[in-house]
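Here, each number is a calculation from the coordinates, and none is a lab measurement. Note that the structure is a prediction, hence the values are computed from the model and not measured. Heads up, the Cβs are rebuilt from the backbone with ideal geometry, glycines too, and the neighbour counts pull from every protein chain shown.
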Amino acid sequence: MKNFKTLQWIGDTDGFLEFIDQRKLPARFITAQCKTVERLFEAIKTLAIRGAPAIGVAAGFGICLAAQQTGKLKLSDAVKHIEQKADFLSKTRPTAANLFWALERMKKTARKFALENPGAAVNDFKKSLLNEAQKIYDEDVGMCRKIGINGERFISEGGAVLTHCNAGALATAGDGTALAPVFEAQKRGKKFRVYVDETRPLLQGARLTAWELKQAGIDVTLICDNMAGALMRQGKINAVIVGADRIAANGDAANKIGTYTLSILAKSHNVPFYVAAPSSTFDLKLKNGDQIPIEQRKPDEILSFMNVRIAPQAVKVYNPAFDVTPAENITAIITEKGVVHKPTAEKIRKHFKQA
């Protein structure tokens with residue numbers, strides 16, 4: 001199973017964030033370090049650290065890096081500094097709900113500490129923030145485990161699962177979201193196959209998911225993005241499981257570009273389509289998926305491949321990182337709190353209330 005840590009904090013309040021540079025995989029397994037907020041901003045922006053839950057965990061530790069710069073400040077000014085750096089980090093990936101969730105949680109921790117401990121030393125302030133960031137990390141690990149347990153039932157013995165992009169251990173602090181049920185099914189001795197979409201334009205499926213599954217000894221087959229429909233028609237796919245970067249109150253889910261297309265193909269071929277994501281990925285302030293901000297990325301990601309240009313000069317490029325799958329195309333949403341079948345706004349409200 002997993003024999004690596006996607007990211008981890010090293011040391012005490014004066015420590016740093018160590019992470020796997022996912023831009024280098026699968027050719028090279030390289031760990032790097034973030035010792036400043038600015039370095040973390042670059043790591044998230046360039047996808048060295050990626051995956052909504054992992055981005056949220058990294059953001060929590062990013063506030064700890066920001067706190068290292070507050071040594072000579074009054075506590076009230078230290079809180080303002082934290083808030084400024086949180087706002088700075090929020091500019092990295094606009095679609096990932098976990099980023100904003102974690103930053104808001106860290107800001108609340110800073111404000112609460114200052115309010116309840118007005119005469120405290122700044123070092124105690126730093127410890128409070130580090131403790132909270134570590135809680136976010138530990139909760140993410142537990143969340144992955146519970147999603148795996150809740151979703152394992154949807155992987156049939158002898159069947160085949162299709163996944164898109166990477167929602168595995170590399171996208172979280174734990175075993176992943178979409179891949180957590182896969183790993184849990186493996187633990188329970190099930191025999192099955194996983195088909196992995198390559199996921200253009202940055203090939204997170206080919207580079208990362210296929211690598212993870214090979215590391216875990218799972219039967220994995222890589223396919224081009226445009227092959228999924230043909231496989232479904234041939235009866236080779238029994239379920240689709242994907243992750244999400246943000247889920248609206250009605251169950252509409254934003255995930256890597258191409259996910260919406262898969263949902264239509266799955267619906268047309270009567271293949272169950274599951275979204276696996278933690279509660280922190282839900283944005284209940286948004287009524288539906290039309291309100292989810294979609295990140296637009298640089299044209300170079302499409303114009304070039306492995307530093308070789310593959311398109312004509314001066315051609316226009318449209319490069320959204322995500323699309324939105326409507327709730328009506330989703331068979332169920334798997335969370336750490338349970339499963340929401342045929343999601344609607346009412347069912348999601350009840351899900352969170354009961355949990």
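Below is a table of values for the structure above.
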{"item": "Contact order normalised by residue count of the range 149-354, Cα under 8 Å, 6+ apart, percent", "result": "21"}
{"item": "Phe282 long-range amide H proximity, modeled H, under 5 Å", "result": "Ile247"}
{"item": "Relative contact order of the chain, pairs being alpha-carbon contacts under 8 Å that are 6 or more residues apart, as %", "result": "16"}
{"item": "Calculated from backbone phi, Karplus (6.51, -1.76, 1.60) coupling profile of the range 302-307 in Hz, x at Gly/Pro", "result": "9, 6, 10, 9, 6, 6"}
{"item": "Among Phe282, Phe29, Phe19: highest mean-square fluctuation, GNM of the chain, C-alpha pairs under 10 Å", "result": "Phe29"}
{"item": "Fraction of beta bridges assigned by DSSP in the range 120-236 that are antiparallel (%, nearest 5)", "result": "10"}
{"item": "Karplus-derived 3J(HN,Hα), 6.51/-1.76/1.60, for each residue of the range 38-53, Hz, glycine and proline x", "result": "5, 5, 5, 3, 5, 5, 6, 4, 8, 6, 5, 10, 8, x, 3, x"}
{"item": "Helical contribution to [θ] at 222 nm, DSSP H n ≥ 4, -39,500 (n - 2.57), averaged over the chain, rounded to 500", "result": "-12000 deg cm²/dmol"}
{"item": "Ascending count of other beta-carbon atoms within 10 Å, so fewest first, for Tyr318, Tyr260, Tyr195", "result": "Tyr318, Tyr260, Tyr195"}
{"item": "Cα gyration tensor, the range 124-180 - rounded (a/c under 1.5), prolate or oblate", "result": "prolate"}
{"item": "At 1.002 mPa s and 20 °C, Stokes diffusion of the range 149-354 via Kirkwood alpha-carbon radius, µm² per second", "result": "124"}
{"item": "Ranked list, fewest to most other Cβ atoms within 10 Å of each Cβ, for Arg39, Arg153", "result": "Arg153, Arg39"}
{"item": "Relative contact order, percent, the range 7-146 [alpha-carbon distance under 8 Å, six or more residues apart]", "result": "24"}
{"item": "Charged-residue dipole, Cβ positions (Lys, Arg, Asp, Glu), the range 100-162 about Cα centre, Debye nearest 20", "result": "280"}
{"item": "Between helix 122-151 and the chain: long-axis angle, C-alpha atoms, 0 to 90°, nearest 10", "result": "20"}
{"item": "Burial ordering of His269, His164, fewest other beta-carbon atoms within 10 Å first", "result": "His269, His164"}
{"item": "Option label - semi-axes √(5λ) of the Cα gyration tensor in Å computed here, alternatives (i) 34, 23, 20; (ii) 27, 25, 21; (iii) 31, 23, 19", "result": "(i)"}
{"item": "Only Lys, Arg (+1) and Asp, Glu (-1) charged, at Cβ; the chain dipole about Cα centre in debye", "result": "160"}
{"item": "Among Pro272, Pro343, Pro299: highest mean-square fluctuation, GNM of the chain, C-alpha pairs under 10 Å", "result": "Pro299"}
{"item": "Candidates Leu129, Leu202, Leu162: whichever shows maximal mean-square fluctuation once the chain is modelled as a Gaussian network with Cα springs under 10 Å", "result": "Leu202"}
{"item": "Acute angle (nearest 10 degrees) that the helix 75-89 long axis makes with the longest principal axis of the chain, alpha-carbon atoms", "result": "20"}
{"item": "Spatial separation of Cα centroids for the range 63-83 and the range 282-355, in angstrom", "result": "34"}
{"item": "Cα gyration tensor category, rounded, prolate or oblate, for the range 7-146 with a/c compared to 1.5", "result": "prolate"}
{"item": "Note, ³J(HN,Hα) from phi for the range 91-98, Karplus 6.51, -1.76, 1.60, rounded to Hz, x at Gly and Pro", "result": "7, 6, 9, x, 8, 6, 5, 4"}
